[in-house]
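The values are calculated or read from the model by the stated rules, or taken from the named source; none is laboratory data. Since the model is a prediction, treat every value here as computed from it, not as a measurement. With ideal geometry, Cβ positions are generated from the backbone for all residues, glycine too; neighbour counts draw on all protein chains shown.
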Amino acid sequence: MKKIVILDAKTLGSVDLERFRAFGSLLVFQTTTVTEVLDRISEADIVITNKVVIGKNELSAAKNLKLVCVAATGVNNIDLIECKKRGVAVCNVVGYSTRSVAQITFSSILSFVSKSCYFDNFVKSGSYAKSDIFTDLSREFSEIAGKRFCVIGLGNIGKSIYKIAKNFGCKVCYYSTSGENSQKGYKRVSFEDMLECDIISIHCGLNEKTKNLFDSGALARIKKTAILANFGRGGIVCEKSVAGAIDDNRIGGYVTDVFEAEPMMSDSPLLSVKNQDRLLFTPHIAWASKEARERLAEKIANNIKRFLKGDTNGFIL
């Protein structure tokens, strides 16, 4: 009987994990620390991990390991070279969170632009009940129709954001971080043109070309009224630089679901920004709608089922 180990089930929330018992004995850990990994996977045939790192040392101890299922799209937490040496198959899941990320991206951008948090507090605080007029015009907000909206990264999520922005009447374009991506029906712009846009929405991965893409130099050239939204990876935007740009009024606002360290460090420069009303945060939840997590679990189960039948088509290794 195959031994299946889930290392960080807490990151999957309320999803029913009993489905994995159909493939063998199941051992579920809610969280796993760095020092616990080696022991927990030592006898496993199949390991399911979201963010727990499985490196060379861990793999050397996992003599029975045949398959690593990453409960995400990114596989930077797995030593792929060592897996290949040891004949360990690796699979990830793509496309499960497109609708969820698109929804949170736009709800966050719209909430920020429309000053929803401010007006919600205005009513709940009792200020509206004391007003001498039927409305409140103390904070101006703008429509996004007609604004230049740039999408960075034109994968499934990027394309979805592109279409939604277009439906809102934005002048939409995209920037290719590789410089090689050019797709028919989508307007591509240069880096400099991208910096002149009113709303910039990041949906690309973190790599050598995108790390600190928005550093102090880029943020110095961005429009002072621009809104930068990051739903890709935290390291794409230098947090120290964007915090300084916010407080120096060199950027309109920063909306993000991702951070350089996750969970966020207690001494993060973003937490000490004076102009907190120019920030809107969510704790890396854009991917995690109930439906998306259900699709994720089902796709992992399908990957295991296919692997046990000898089908590794589409696997990373």
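Against the list (1) of a type outside the set (A, V, I, L, M); (2) surrounded by fewer than 18 Cβ atoms within 10 Å (Cβ to Cβ); (3) not in a loop (DSSP other than H, G, I, E, B), the condition Arg295 fails is (2). Can you pull out every residue in region 97-139 that is among the aliphatic types (A, V, I, L, M) and either assigned by TED's automatic domain parsing to the domain that holds Leu296 or surrounded by 11 or more Cβ atoms within 10 Å (Cβ to Cβ) (or both)? Val101, Ala102, Ile104, Ile109, Leu110, Val113, Val123 - these are the residues of region 97-139 that are among the aliphatic types (A, V, I, L, M) and either assigned by TED's automatic domain parsing to the domain that holds Leu296 or surrounded by 11 or more Cβ atoms within 10 Å (Cβ to Cβ) (or both). For region 257-277, the criterion of being assigned to a strand (DSSP E or B) and either at negative phi or touching a strand residue (DSSP E or B) at 6+ places or on another chain (Cβ under 7 Å) (or both) is met by no residue.
When Gly217 is tested against (1) exposed (fewer than 15 other Cβ atoms within 10 Å of the Cβ); (2) within 30 Å of Gly95 (Cβ to Cβ), only condition (2) is not met. In region 270-293, how many are within 19 Å of Thr98 (Cα to Cα) and either free of Cβ contacts under 8 Å to residues at least 60 places away in the same chain or out of contact with any Phe, Trp or Tyr (no Cβ under 6 Å at 6 or more places or on another chain) (or both)? Residues flagged as within 19 Å of Thr98 (Cα to Cα) and either free of Cβ contacts under 8 Å to residues at least 60 places away in the same chain or out of contact with any Phe, Trp or Tyr (no Cβ under 6 Å at 6 or more places or on another chain) (or both) within region 270-293 amount to 10. Restricted to region 168-255, the set of helices (runs of 4 or more DSSP H) holding at least 3 residues that are in contact with a Ser or Thr (Cβ under 9 Å, 6 or more places away or on another chain) comprises 216-221, 239-247.
Summed over region 127-167, the residues that are part of a loop (DSSP other than H, G, I, E, B) and charged (D, E, K, R) give a count of 6. Taking the condition closer than 23 Å to Ile78 by Cα and of a type in the set (Val, Ile, Thr), does Ile251 pass? Here the answer is no, as Ile251 does not meet what is asked.
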